[in-house]
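Asker: Sharing a structure, written as C-alpha cells. Questions coming.
Taken together, the values in this text are just the output of simple stated rules run on the coordinates, not laboratory data. Predicted model, so just to flag it, every value in this text is computed and none were measured. Cβ placement follows ideal geometry from the backbone for every residue including glycine, while neighbour counts extend to all protein chains displayed.
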Amino acid sequence: MTAKITAMTIPARLPAVILFAETRGFTRTSAMLQPDVVLKQVAAFFDLVHTTVERNGGTVHNILNDTLMAFFVGPDRAKQAVQAAQEIQRDFDAIEETWTRDFGIRAAVAMGLHAGDAVIGVAGCAPLMVIGDSISIAARLLHRARAGEFVLSASVMEALGNNRTGLEVEALPPLEMTRREPVQLFGVLRDGRLDFT
C-alpha cells in the first residue's frame with residue numbers, strides 16, 4: 001500500500017500517524033515585523049515541514065496560523081513520521097538562527113505525534129478530510145510539547161516496533177483525559193528543555 005492517499009483509497013478508515021508542528025516564539029513577536037517579512041519568514045517554516053513530510057512519505061493536510069497538520073499511512077507510517085519529526089527538529093536550527101540574527105526573535109519548533117485510526121475522504125463540498133480521535137489526541141500532544149521538543153504517544157512507540165534506532169526518548173507524565181485511559185507520553189528533546197513556550 002502506498003503512503004500517499006489516492007482516489008482509490010478514499011473514503012476509508014486507515015491506521016495513521018498524525019503529526020502536528022508549530023513554531024514557538026515567532027507568532028507573538030511577529031507583530032513588530034512588516035507583513036511581507038512575517039509571511040516570508042513563516043513560509044520558510046512551512047516549506048521545511050512540507051518538504052520534509054513529503055520526502056518521508058506523508059501528506060500535509062492543514063495549515064492554521066503557524067501550525068501544520070500532516071498524516072502518514074501505510075506499513076512504515078510510524079518510522080516515516082518519526083523520521084520526519086527528527087529532521088524537522090534538526091533542520092529548524094537554521095531557521096531559528098536566521099530569525100535570531102535578523103530579527104532578535106528566539107523561536108523553536110514543537111511537535112506532537114499520535115498513532116490511531118482516521119477516516120480519510122471527501123465530505124460534500126469540503127476538501128479532503130482527516131477525522132478521528134487520533135487527530136484530537138495528536139493536537140493535545142502538540143500542546144504538551146515544549147519549545148524544541150516533540151512528544152509522541154505510546155501508540156507511536158508500539159507502531160515503531162524495532163525501528164527505534166537513533167531515537168532517544170524521555171518518559172513524560174501521561175496525558176489524562178476524562179473517561180479514558182491515560183495516554184503514556186515520551187519526549188524527544190533537542191538540547192534539553194528550553195525555557196520558553
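Asker: How high is the relative contact order of the chain, in percent, with contacts defined as C-alpha pairs under 8 Å that are six or more residues apart?
Answerer: Normalised by residue count, the contact order of the chain is 24 percent.
Asker: Suppose R0 equals 35 Å; then what is the FRET efficiency for Glu176 and Ile63 from their Cβ-Cβ distance, rounded to the nearest 0.05?
Answerer: Computed FRET efficiency for Glu176 and Ile63: 0.75.
Asker: If you place +1 on the Cβ of every Lys and Arg, -1 on the Cβ of every Asp and Glu, and leave all else neutral, what size is the dipole of the range 111-197 about its Cα centre, to the nearest 20 Debye?
Answerer: Charge dipole, the range 111-197, about its Cα centre: 140 debye, nearest 20.
Asker: Continuing with the same structure: Take the chain, connect every pair of alpha-carbon atoms lying under 10 Å apart with a spring to form a Gaussian network, then pick out the residue of Ser153, Ser30, Ser134 with the largest mean-square fluctuation.
Answerer: Ser30
Asker: Cut-off is 10 Å between beta-carbons; in what order do Thr23, Thr52, Thr29, Thr165 appear when sorted fewest neighbours first?
Answerer: Thr165, Thr29, Thr52, Thr23
Asker: In addition: So what J values fall out for the range 57-69 if you push phi through Karplus, 6.51 cos²θ - 1.76 cosθ + 1.60 with θ = phi - 60°, rounded to Hz, Gly and Pro as x?
Answerer: Those phi angles translate into x, x, 10, 6, 9, 8, 10, 9, 6, 10, 10, 10, 10 Hz.
Asker: For labels at Arg106 and Asp47 in the simple 7 Å Cα→Cβ model, what's the distance in nm?
Answerer: About 2.7 nm, to one decimal.
Asker: What's the longest piece of the chain with no exposed GluC sites (Glu not before Pro), counting a site as exposed if DSSP puts it in a loop and it has at most 13 other beta carbons within 10 Å?
Answerer: Free of exposed loop sites, the longest segment is 1-167.
Asker: Follow-up question, since we're still on this one. Could you tell me which label, among (i) 27, 21, 15; (ii) 33, 20, 14; (iii) 38, 24, 14, carries the value of semi-axes √(5λ) of the Cα gyration tensor in Å calculated for this structure?
Answerer: Checking each listed value against the structure points to (i).
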